[in-house]
Protein chains: 2
Amino acid sequence: MTVENPTIADLGENEALKRTVSRLNSSDFAIIGSGDDAAVIATNADRFVVTTDTMVEGHDFRLDWSTAFDLGWKAVATNIADVAAMGARPTALVVALAVPGCTEISWLEAFADGLREACQTLAPGVGVVGGDLAAADQVFIAVTAHGSLEGREPVLRSGAKPGDTVAVAGTLGRAACGLALLQSGEATAISAYDDWVNVQRRPQPPVKAGIEASIAGATSMLDISDGLAKDAHRIARASEVTIAIDRAQLAGFEAMLEEPAMRIAASAIEWVLTGGEDHSLLATFPAGAEIPRAFKPIGVVTERGSAAVLLSGEPLTERGWDSFVG
Amino acid sequence: MTVENPTIADLGENEALKRTVSRLNSSDFAIIGSGDDAAVIATNADRFVVTTDTMVEGHDFRLDWSTAFDLGWKAVATNIADVAAMGARPTALVVALAVPGCTEISWLEAFADGLREACQTLAPGVGVVGGDLAAADQVFIAVTAHGSLEGREPVLRSGAKPGDTVAVAGTLGRAACGLALLQSGEATAISAYDDWVNVQRRPQPPVKAGIEASIAGATSMLDISDGLAKDAHRIARASEVTIAIDRAQLAGFEAMLEEPAMRIAASAIEWVLTGGEDHSLLATFPAGAEIPRAFKPIGVVTERGSAAVLLSGEPLTERGWDSFVG
């Protein structure tokens, strides 16, 4: 089907972004520009990492499911996960917030509390260094996070090599499980599995593990924000390799989700493969590397075959979250 | 009047921000944190400047008054003006954009064109290094801009000293005039004064002048984003001085606006004093400094008197743009 003036919904987020970014000029100061988890910018004598992410009411969150504290926490967590995925130490955030004029100050204060607590818990030393507050009809949150590479090279998506071990730090599928529970509307299930719901509301990305992976020589890494299936494709594509995941190695992640999955007639393995909002890290390590304990091996990198990503030998389709298609 | 759960509209933007920021923890890496035009962040061996600004449909712009190109341009201009106001050279931007799914791709492309053209025209070498595209019910644009101090100290709001000369680089009141013309709905007036309307749509902040001011030894500087009256108060307050503006020195700015002001029965001097969106620079220079040619002297800094800002000897009230109050 050809559309004369296609909308973003017609094309999907990736294509819309690609068409948009292709029209931009590059920065003279960009060592790594757009296309990875974060950009690396030269200063006179050193460089810093920067990344930005947006959350919109009614699209990325609901005010009846997330408190202002949750949203502040999540805005920090999602962004520092991208910094960590470069192997960098988060240093500073700026926060752009737009809210209706009728928003209560106590809501703003709780939002700020969430920002602060997430900074102090997830990445001690990081803080909000600026921001903007604007009026809007719905709540918008855009955070830009910065990080320091501390003299190391950034860990990109493009460095995976055949023979590398594929590994995950953090949980898989829990945030998706939590979202499904919220969507089910089943109050007793929501309260019975509140640990899962809380991963959706206040994700805990393994920030330290990102730095450890860099020090251990990780060849590629990213923040699993759109699901293992989709994000493994991103590494496979950027590195021109095949990522071969062993389903047996996912059993531990799956087991944690089976009870709530049965409760609401959902699929635990689907959550593991396509749930992104745990903000865990997916990385590859060369043979012989001492893989940090926070990482669990789930597969290997092979020469590029006919499929970019395999699950126990079968092609794994690229599916997961798209802001516009859903 | 005391309100039990005051809203942002109840308190105004400044107070709402103050209450919010007071609850945040600071960054270990912030040399200059929130409260100025931009924040300064240490990296291992050097530092960079970062600032963020937001534009929301229906609040900060109307899609029938501004094209997508205009909005891309303006998003860049408003942010690099803040970088320039620190005396820094803009280096890189990240852009968070949220739009309805029904937005046409051509709109996004034109937006990107506006980003690119503004970068190349206003600050050659700067570019977009990352971003995020999200779904929303209204258009929301948040840009974070970064800059390099090139070894210089940042020019803050707090350094003005009695005896300094107060000077402006760029125009005053033109964007406000352009907005008033658009609001008047008078098509012939809008087309007769399209140069003024275009300052509203595509401001041209004097970026180079910011760097020149820093080199010339400016003691304080900011981007006039909320109007001369309001922004002069910001320097006066941060520096604990009085800014004494000579109205005669504003005559040149006023003269440029008198024709369109008469046409729609408005006040040219009000636009000069309260119109902010030209994104010009207000700076102070010590006696003996060679003031860059881009700057026009408009007054002097004196010891703090009873009023923070004087206009030809009379107290000038602090008025101008507030995102929530209007």
- Query: Quick check, is residue B:237 crowded, with 17+ Cβ neighbours inside 10 Å and basic (Lys, Arg)?
  - Reply: no
- Hey, any hits in region A:169-188 for a residue that's more than 22 Å from the chain's Cα centre (by Cα) and of a type in the set (A, V, I, L, M)? yes
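Is it fair to say residue A:162 is part of a loop (DSSP other than H, G, I, E, B) and at pLDDT 95 or above?
Answer is yes for this residue.
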- Item | Residues of region B:107-117 satisfying the condition of being among the small types (Gly, Ala, Ser) and either in contact with a Pro (Cβ under 7 Å, 6 or more places away or on another chain) or within 7 Å of another protein chain (Cβ to nearest Cβ) (or both) | B:112
- For the subset of region B:124-135 comprising residues that are surrounded by fewer than 23 Cβ atoms within 10 Å (Cβ to Cβ) and more than 25 Å from residue A:57 (Cβ to Cβ), which member is nearest to the other protein chains (Cβ to nearest Cβ)? B:125
- Task: With the condition kept exactly as written, say whether any residue in region A:52-68 is on the phi < 0 side of the Ramachandran plot and assigned to a helix (DSSP H, G or I).
- Result: yes
- Item | Checking residue B:138 against (1) buried (at least 17 other Cβ atoms within 10 Å of the Cβ); (2) at pLDDT below 90; (3) closer than 30 Å to residue A:226 by Cα; (4) not hydrophobic (A, V, I, L, M, F, W, C), the condition it does not meet | (2)
- Message: Can you pull out every residue in region A:59-72 that is within 11 Å of chain B (Cβ to nearest Cβ) and closer than 25 Å to residue B:145 by Cα?
- Response: A:60, A:72
- Task: Please state which one of A:248, A:244, A:238, A:287 is touching a strand residue (DSSP E or B) at 6+ places or on another chain (Cβ under 9 Å) and modelled with pLDDT of 95 or more.
- Result: A:244
- Search region A:194-211 for residues being polar (S, T, N, Q) and not in a loop (DSSP other than H, G, I, E, B), and hand back the single one that is surrounded by the fewest Cβ atoms within 10 Å (Cβ to Cβ). A:198
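If the requirement is being more than 7 Å from chain A (Cβ to nearest Cβ), in contact with a strand residue (DSSP E or B) (Cβ under 9 Å, 6 or more places away or on another chain), surrounded by fewer than 23 Cβ atoms within 10 Å (Cβ to Cβ) and among the polar types (S, T, N, Q), which of these qualifies: B:165, B:121, B:171? Outline the logic, then answer.
Numbers: B:121 fails: in contact with a strand residue (DSSP E or B) (Cβ under 9 Å, 6 or more places away or on another chain); B:171 fails: surrounded by fewer than 23 Cβ atoms within 10 Å (Cβ to Cβ).
Residue meeting the stated conditions: B:165.
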- Please state which one of B:153, B:104 is more than 7 Å from every other protein chain (Cβ to nearest Cβ), modelled with pLDDT under 90 and surrounded by fewer than 23 Cβ atoms within 10 Å (Cβ to Cβ). B:153
- Message: With the structure loaded, tell me whether residue A:77 is at pLDDT below 85 and either touching a Cys at 6+ places or on another chain (Cβ under 8 Å) or in the same structural domain as residue A:135 (by TED's automatic domain parsing) (or both) or whether it fails that test.
- Response: no
- Restricting the search to region B:212-233, which residues are surrounded by fewer than 24 Cβ atoms within 10 Å (Cβ to Cβ) and assigned to a helix (DSSP H, G or I)? B:212, B:215, B:229, B:230, B:233
- Message: Looking at A:106, A:148, can you tell me which residue is in contact (Cβ under 8 Å) with a residue 40 or more places away in the chain, over 23 Å from residue B:140 (Cα atoms) and of a type in the set (S, T, N, Q)?
- Response: A:148
- Please determine, by comparing only the residues of region A:268-304 that are touching a helix residue (DSSP H, G or I) at 6+ places or on another chain (Cβ under 6 Å) and farther than 18 Å from residue A:222 by Cα, which one is surrounded by the most Cβ atoms within 10 Å (Cβ to Cβ). A:271
- What pairs can you find where one residue is in region B:196-218 and on the phi > 0 side of the Ramachandran plot, the other is assigned to a loop (DSSP other than H, G, I, E, B), and their Cβ atoms are less than 8 Å apart, with a gap of 6+ or different chains? B:217/B:286; B:217/B:289
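Scan region A:175-185 and tell me whether some residue there is of a type outside the set (Asp, Glu), in a helix (DSSP H, G or I) and touching a Leu at 6+ places or on another chain (Cβ under 9 Å).
Yes, because at least one residue in region A:175-185 is of a type outside the set (Asp, Glu), in a helix (DSSP H, G or I) and touching a Leu at 6+ places or on another chain (Cβ under 9 Å).
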- Query: Among the residues of region B:73-92 satisfying the criterion of being touching a Gly at 6+ places or on another chain (Cβ under 6 Å) and at the interface with another protein chain (Cβ under 10 Å from one of its Cβ atoms), which is nearest to residue B:128 (Cα to Cα)?
  - Reply: B:91
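The values are calculated or read from the model by the stated rules, or taken from the named source; none is laboratory data. Because the structure is predicted, anything quoted here is derived from the model rather than measured. So basically every Cβ, Gly included, is an ideal-geometry build from the backbone, and we count neighbours across all protein chains shown.
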